[in-house]
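Mind having a look at this structure? Questions to follow.
The values are calculated or read from the model by the stated rules, or taken from the named source; none is laboratory data. None of these values were measured; they are calculated from a predicted model. When we count neighbours, we look across all protein chains shown, and the Cβ atoms used for this are built from the backbone with ideal geometry, even at glycine.
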Amino acid sequence: MRRTGVSLNVIGFAIGLPLILAIGGLEAFRPAGLSLPALTGGLLTLDTMIRVGLFTIILVGLNLLMGYAGQVSLGQAAFYGMGAFFSAIMTVRARALGIPPVLTEAWWWPWLVMFIGTLLVGLVAYGIGRPILQLRGHYLAMATLGLGIVVYILLRENVGLPHLNLTGGFDGIQGISRLRLSELDLWPAWRYYFLVWLFAFGAIALGLNIVHSRVGRALRAIHGSEMATESVGVDVPRYKAQIFGLSAAMAALAGSLYAHFQTTVIPATFGFGPSLELVVMSAVGGMASIWGAPFGALAVLLVQEALRTQLHRVIPNAQGEFEAIAFGIILVLIMMFLPEGLTTGGLRWLRGRPRLHLR
């Protein structure tokens, strides 16, 4: 079984890396005038692929938390937003906090802020996770949902400091700088695309290492039975808090990258709806699969784009509610026929091997 898993992971990298490089090269050089939108009929763009990379980083952490450790989280977008707003505040609003321009104008400042923000969000989540993760089932889901709502309100209300206007309220923060490496701007978009996917594949590699380590075995044991796992001497609260902190840190990292990609952040991007969308992506790709992260993000974004651009051809004058209904029906069908997600469930269905796992 282990040999099958390792070989599949090698195949994943062997196919995924060249494919990502090819897409980036296509957009960078446009050979014979070709482009990603032209080849996909406008369904897939470089912007979409960058977002898939960002969501992949978040979903690897979410899959470790939900699919392996069995801990429900309906507030993951809150950590995504904390990372995004931390980078935005510490670059755009830095003067209001008394940070001298000699620091904020340095090319390495946003990178330092990204590192500090990721670490801080992870530590905060670890501290919050110790008491919250004592809850189980619906109570845990409600607690993480409440945490997401609290963070959203704080972002919307300027963290209780309206005179500083740190988060910009409902309007958010505009004018966030692009990332640079010394004199090299990580823009146009194809350069940023490579950066995001570098982090995305790093997240996948980290997730796979955790899954196939002693920690991964402990997480699967916790998912199976917390009481039985504690009975053999495993510190269950510590493991759960650690994986909760790691998943939050990965979401914060993606949030920082999102802020410098979008150059604008608003609180509405990080509310309950986006958190629920992340859970849907995780379920579609396969919660108990690290490789489910990119597949789930890509599948959901493609379905959303296809419905937005093509549904009116099937239903004339279709409005937003029809898109939501069609989206829901598609998700129900996926969960009915591939309940383990597109990766594990898809491979099991294609090869007819009931015990095959892609992790």
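Considering Glu230, Glu277, which residue is charged (D, E, K, R), closer than 30 Å to Asn158 by Cβ and surrounded by fewer than 22 Cβ atoms within 10 Å (Cβ to Cβ)?
On the way: Glu230 fails: closer than 30 Å to Asn158 by Cβ.
Unique residue meeting the criteria: Glu277.
Follow-up. Can you tell me which residue within the stretch 196-209, out of those that are among the aliphatic types (A, V, I, L, M) and surrounded by fewer than 19 Cβ atoms within 10 Å (Cβ to Cβ), is farthest from Ser73 (Cα to Cα)?
Among residues in the stretch 196-209 that are among the aliphatic types (A, V, I, L, M) and surrounded by fewer than 19 Cβ atoms within 10 Å (Cβ to Cβ), the one farthest from Ser73 (Cα to Cα) is Leu198.
Look at Ala252 and say whether it is modelled with pLDDT of 95 or more, among the hydrophobic types (A, V, I, L, M, F, W, C) and within 23 Å of Gly169 (Cβ to Cβ).
Criteria met by Ala252.
Looking at Ile99, is it aliphatic (A, V, I, L, M), surrounded by fewer than 18 Cβ atoms within 10 Å (Cβ to Cβ) and either at pLDDT below 95 or in contact with a Phe, Trp or Tyr (Cβ under 7 Å, 6 or more places away or on another chain) (or both)?
yes
Across the stretch 3-37, which residue is modelled with the highest pLDDT among those that are in a helix (DSSP H, G or I) and among the charged types (D, E, K, R)?
Per the stated criteria, the residue is Glu27.
I would also like to ask the following. Kindly list, by first and then second residue, each pair from a residue in the stretch 304-330 that is at pLDDT below 80 and surrounded by 14 or more Cβ atoms within 10 Å (Cβ to Cβ) to a residue that is of a type in the set (Val, Ile, Thr) and assigned to a helix (DSSP H, G or I), limited to pairs with Cβ atoms under 7 Å and residues at least 6 apart or on different chains.
Phe327/Val303; Ile330/Val303
For the stretch 170-185, enumerate the residues that are of a type outside the set (Asp, Glu) and without any contact (Cβ under 8 Å) to a residue 60 or more places away in the chain.
Listed by number, the list holds a single entry, Leu184.
Could you check, for the stretch 3-13, whether at least one of its residues is in contact (Cβ under 8 Å) with a residue 24 or more places away in the chain and among the aromatic types (Phe, Trp, Tyr)?
Scanning the stretch 3-13 turns up at least one residue that is in contact (Cβ under 8 Å) with a residue 24 or more places away in the chain and among the aromatic types (Phe, Trp, Tyr).
Something else: Among Tyr258, Tyr239, which is the only one that is modelled with pLDDT of 95 or more, surrounded by fewer than 24 Cβ atoms within 10 Å (Cβ to Cβ) and among the aromatic types (Phe, Trp, Tyr)? Step through it out loud before you land on a result.
Details: Tyr258 fails: surrounded by fewer than 24 Cβ atoms within 10 Å (Cβ to Cβ).
The match here is Tyr239.
Same structure, new question: Failed condition for Ala125, given (1) in contact with a Phe, Trp or Tyr (Cβ under 8 Å, 6 or more places away or on another chain); (2) assigned to a loop (DSSP other than H, G, I, E, B), with all others met?
With (1) in contact with a Phe, Trp or Tyr (Cβ under 8 Å, 6 or more places away or on another chain); (2) assigned to a loop (DSSP other than H, G, I, E, B) applied to Ala125, the lone miss is (2).
Let me ask something additional. Restricted to the stretch 49-67, and to residues that are modelled with pLDDT of 95 or more, surrounded by 24 or more Cβ atoms within 10 Å (Cβ to Cβ) and not hydrophobic (A, V, I, L, M, F, W, C), which residue is farthest from Arg220 (Cα to Cα)?
Gly53
Residues that are farther than 21 Å from Ser289 by Cβ: find the helices (runs of 4 or more DSSP H) completely inside the stretch 194-275 holding 3 or more of those.
226-231, 236-262
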